Amino acid sequence: MEDGSGGRCVAPGGGLVSGKRLRGSRLSQFKCAAENTLTFTIDHLGIAVKSLSAAKSIYETLGLTASDEEVVEGEQVRVAMLPVGESRLELLEATSESSAVAKFIAKRGEGLHHVCLRVPDLNAIVERLKQDGVRLVSNEIKVGAGGHRYVFVHPSSAGGVLLELVEGGH
Ligand code: CO
């Protein structure tokens, strides 16, 4: 949104928040934060399953169509994606007993495994998380299926949720 000041981030409402008028740097911070949230989306929800074909059937009965299955060697999983609006469900079946998904199912049974947010600038965000002492599952950004760059935030730093972050623009 333009405010005539050179195209910086601008929020609607002229900076009025809860009846208080923000000024100066606080105002531009708020404006940019409000605009940045538009570039974050829920990319997918990851669901750990024992059998892709068994797990897919409920969604196909609903009328959704699963993508072709793909093996992600690095994570020892076979994946099927189900597009849901702008987001997706990611069904994950372990390809080995040492896979994190196999361990998850052994411990907790099938179910919601992770939440994945698409973020605008993964390098900058990972840097910020590290500076803030947030625990990442792996300190390096990995490259997954389709060349997507991603990291996982450990559940101990994210309210018990395994949080995947992928870079936007795909
Ligand atoms: Co995922």
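The values are calculated or read from the model by the stated rules, or taken from the named source; none is laboratory data. Predicted model, so just to flag it, every value in this text is computed and none were measured. All Cβ positions, even for glycine, are placed from backbone atoms using ideal geometry, and neighbour counts span all protein chains on display.
Points to keep in mind about this one:
- Taking the listed residues Ser98, Ser67, the one that is assigned to a loop (DSSP other than H, G, I, E, B), within 16 Å of the ligand (Cβ to nearest atom) and surrounded by fewer than 16 Cβ atoms within 10 Å (Cβ to Cβ) is Ser67, with no other qualifying.
Per-residue answers, yes or no, for (1) in contact with a helix residue (DSSP H, G or I) (Cβ under 8 Å, 6 or more places away or on another chain); (2) under 18 Å from Thr41 (Cα atoms):
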{"site": "Glu69", "(1), (2)": "yes, no"}
{"site": "Leu92", "(1), (2)": "yes, no"}
{"site": "Pro120", "(1), (2)": "yes, yes"}
{"site": "Ala124", "(1), (2)": "no, yes"}
{"site": "Ile141", "(1), (2)": "yes, no"}
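- Contact map, the stretch 112-138: residues that are not assigned by TED's automatic domain parsing to the domain that holds Met81 paired with residues that are within 16 Å of the ligand (Cβ to nearest atom) and among the aromatic types (Phe, Trp, Tyr), Cβ distance under 8 Å, separation 6+ or inter-chain. No pairs are found.
- Here the stretch 78-95 is the region considered, the condition is being not in a strand (DSSP E or B) and not small (Gly, Ala, Ser), and the residue that is surrounded by the most Cβ atoms within 10 Å (Cβ to Cβ) is Thr95.
- Selection within the stretch 101-117: residues that are within 14 Å of the ligand (Cβ to nearest atom) and part of a strand (DSSP E or B). The member of this set that is surrounded by the fewest Cβ atoms within 10 Å (Cβ to Cβ) is Leu112.
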